[in-house]
Amino acid sequence: MRDFSSDHSALALNTASLGHNLEGHGAGWTSEQVIDACAERGFGSIVFWRREIGERAVKIGERVRSAGLTVAGLCRTPFLVGTQATDVESIMDDFKRSIDMAAALGAPVLTIVVGGVHPGTKGVAESLKIVADRVAEAAPCAQASGVKLALEPLNPVYAGNRSCLTTLRDAVDLCDRIAAPNVGIAVDVYHVWWDTELDRQLKRAGAERIYGYHLCDWLAETNDVLLDRGMMGDGVADLKAIRSFVEGAGYRGPCEVEIFSANDWWKRDPGEVLDVMVERFRNCC
């Protein structure tokens, strides 16, 4: 395993950790303020959300690189299935726009959160087939733009309305089914910490298909399954064991802190949040 105790250049900020992915949350920092604050603290990279970028993808990407950082990724595609994804043409057009934004930003990875159970179906099997078809359709466009597509399984509590993709096993199965060279997975501690198949499925995926590793923690007494994630070290996830599995499968990329915390971390000064991230990354992860 990599030693982060004296070198945290692998640390990446997902700007959701400052609340900027949801309207009305966060401290209101501009992207430029976030970039400067990360550079000052020795972060290696940043992952943005589409709503922050608007028409400024090229400018923001250049600003990141001029500060000595890299853009690690972009969040996210539209839901591809579920009650919010019934207009296929609109969904695929938005999927293409998200790819274009990632390319303009210089983000090598675009995260896919697939959406919930599709209307008119039960269970997840049929919905996962639709996901596979729609990702396969978009993959050549992304490949031509130099963008990798990362399927992110979410915790099973979200299966109905946010992600019919809930296990790493199913995510790797989808990659096998789609069989595109630029389709892989993103591994988020919040969503996989409980999975006893994690090590085996990561080895199935292999280094060439692991496109991201997301850090946070699961609070034992969580009050909101969406907006009450813990800072690393505050919860019950075995962070070092999980990273040993991820790196044992060959991953050597950024470690991206992504914390949705409406009533705790999003209410703190962003500088404090970033400082705590650095300390916890070096000591807990």
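Odds and ends about this structure:
Each row is one residue, and each column tells you yes or no for (1) at pLDDT below 95; (2) of a type outside the set (Phe, Trp, Tyr).
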position: 185; (1), (2): no, yes
position: 213; (1), (2): no, no
position: 247; (1), (2): no, yes
position: 252; (1), (2): no, yes
position: 262; (1), (2): yes, yes
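- Matching option when the condition is of a type in the set (Lys, Arg) and either more than 18 Å from the chain's Cα centre (by Cα) or open to solvent by less than 10 Å² (accessible area, probe 1.4 Å) (or both), among 209, 282, 252, 243: 282
- Scanning the range 180-203 for residues that are touching a residue at least 40 places away in the same chain (Cβ under 8 Å), among the hydrophobic types (A, V, I, L, M, F, W, C) and surrounded by fewer than 23 Cβ atoms within 10 Å (Cβ to Cβ) yields 180, 193, 198.
- Of the residues making up the range 68-88, none is open to solvent by 60 Å² or more (accessible area, probe 1.4 Å), in a helix (DSSP H, G or I) and over 20 Å from residue 165 (Cβ atoms).
- Across the range 38-58, the qualifying residues are those that are in a helix (DSSP H, G or I), among the charged types (D, E, K, R) and touching a Ser or Thr at 6+ places or on another chain (Cβ under 9 Å), and the one among them that is most open to solvent (accessible area, probe 1.4 Å) is 50.
- Residue satisfying condition, being open to solvent by 40 Å² or more (accessible area, probe 1.4 Å), of a type in the set (Gly, Ala, Ser) and within 22 Å of residue 210 (Cβ to Cβ), within set 103, 16, 107: 103
- Qualifying residue in the range 259-267 (condition: of a type in the set (Val, Ile, Thr), open to solvent by 10 Å² or more (accessible area, probe 1.4 Å) and either touching a helix residue (DSSP H, G or I) at 6+ places or on another chain (Cβ under 9 Å) or on the phi > 0 side of the Ramachandran plot (or both)): no
The values are calculated or read from the model by the stated rules, or taken from the named source; none is laboratory data. The structure presented is a predicted model; accordingly, all values stated were derived computationally and were not measured. Positions of Cβ are generated from backbone atoms using ideal geometry, with glycine treated the same way; all protein chains shown enter the neighbour counts. Just so you know, the surface numbers come from the protein's heavy atoms only, side chains and all, with ligands and any DNA or RNA stripped out. Shrake-Rupley method; radii C 1.70, N 1.55, O 1.52, S 1.80 Å.
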